[in-house]
Amino acid sequence: MKTVFDIGMYDGTDTAYYLESGYRVVAVEANPMLVERAQKKFAAQLASGQLVCANVAIAARAELVELTISGDDLGSSSIVSGKVAHRRPIGSITVQGMTMPELFAQHGVPYYMKIDIEGADRLCILGLTADARPQYVSFEVGEDVEELVKHLQAIGFTRFKIINQVCLHELANQRSFRDRVLLRLIRYLGYAQPRMIRRSGRFFSAGLCSGPVPWRTDGRWYSGTETISRWRTAKVANAGSAWFDIHAAIE
């Protein structure tokens, strides 16, 4: 059974998808309230060993770190306090920090690693080496996207996609004729965005999940150099104003 790391478990939507797809899952979540909910929701999978919940924050060092709690959305809590400043922070708690090498030492190197930890994705990506790296990885696009893509290239990743996390299409396909027609219909009915999107043979919650695993995502793969160039162009054209993830793969 292949292993998937869900780093930034949040409400367990992605974890549930990976479990249903037959993977062993290590779900990493810094917020103990979300971990407690997951332990109840996934009690059977925890008991069988298919799921492990790690209540830790990925950090630069193995030490206690401060997690700022978002009052708008518990999933937007972060160890990067500036990321929560506009999300009605309601205080902070101290949680155990863990480095990527420590996580791998405890649970092995996964086949795929999904990352969404509100401003700290870089700690996961820069913690990967040529000797300890998943076959696939995804992370949220931020100001450091070029640095992170270059790091992944340097340690052997060769294929990349830019996925729009609202429509779950690759950047090149995000304004397809079909999607534009459907969006007009949805807005005519009084909704801003669709709640569910069908991709890869199943429905995903729009804007609330990471979508299909990388090998089942929309669109073709590009080189790292092409990906950086495409993202620069998208930013200039304001196409990069939505929420995007980078998916990366090793040949």
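Only the coordinates and a few stated rules stand behind these numbers; no lab work does. The structure displayed is predicted, hence computed values, not measured ones. Here the Cβ positions follow ideal geometry from the backbone for every residue, glycine too, while neighbour counts run over all protein chains shown.
Starting with the highest mean, order 165-171, 126-132 by the number of other Cβ atoms within 10 Å, averaged over the residues of each peptide. Intermediate results must be reported in sequence, preceding the final value.
Details: 165-171: 20.6, 126-132: 14.9.
Ranking the peptides 165-171, 126-132 by packing returns 165-171, 126-132.
Looking at the chain, what % of its DSSP beta bridges pair antiparallel, to the nearest 5?
Among the beta bridges of the chain, antiparallel pairing accounts for roughly 60 percent.
On a straight-distance basis, which aspartates and glutamates could pair with Lys150 in a cross-link, Cα separation under 14 angstrom, same-chain partners fewer than 8 positions away excluded?
Excluding near neighbours in sequence, the set is Glu226.
Suppose each label sits 7 Å from its Cα in the direction of the beta carbon; what would the Leu46-Ala130 distance come out to in nanometres?
4.1 nm
How would you classify the chain from its alpha-carbon gyration tensor, with a ≥ b ≥ c the square roots of the eigenvalues: rounded for a/c under 1.5, else prolate if a/b is greater than b/c, otherwise oblate? It would help to have the intermediate numbers written out before the result.
Values: a/c = 1.39, a/b = 1.23, b/c = 1.13.
Here the chain falls in the rounded category.
How would you classify region 202-251 from its alpha-carbon gyration tensor, with a ≥ b ≥ c the square roots of the eigenvalues: rounded for a/c under 1.5, else prolate if a/b is greater than b/c, otherwise oblate? Please report the intermediate quantities before stating the final value.
Numbers: a/c = 2.81, a/b = 1.22, b/c = 2.31.
In terms of gyration-tensor shape, oblate.
Can you pull the one-decimal nm distance between simple spin-label points at Thr158 and Ile90, each 7 Å off the Cα toward Cβ?
4.9 nm
Run the helix sum for the chain: -39,500 (n - 2.57) per DSSP H stretch of 4+ residues, divided by residue count, reported at 222 nm to the nearest 500 deg cm²/dmol. Numbers along the way, then the final one.
Values: 8 runs with 72 residues, N = 251.
After summing the helix terms and dividing by the residues of the chain, the value is -8000 deg cm²/dmol.
Past the 31 Å Cα-Cα mark, which pairs from Lys83/Lys161; Lys41/Lys114; Lys41/Lys235? Walk me through the numbers on the way to the answer.
Working: Lys83/Lys161 25 Å; Lys41/Lys114 20 Å; Lys41/Lys235 39 Å.
Checking Cα-Cα distances, Lys41/Lys235 exceed 31 Å.
How about region 23-109: which trypsin sites (Lys or Arg not before Pro) there are in a DSSP loop, with at most 15 other Cβ atoms within 10 Å of their Cβ?
On the way: sites: Arg24, Arg37, Lys40, Lys41, Arg61, Lys83, Arg87; in loops: Arg61, Arg87.
In loop regions of region 23-109 (DSSP not H, G, I, E or B), the sparsely surrounded trypsin sites (Lys or Arg not before Pro) are Arg61.
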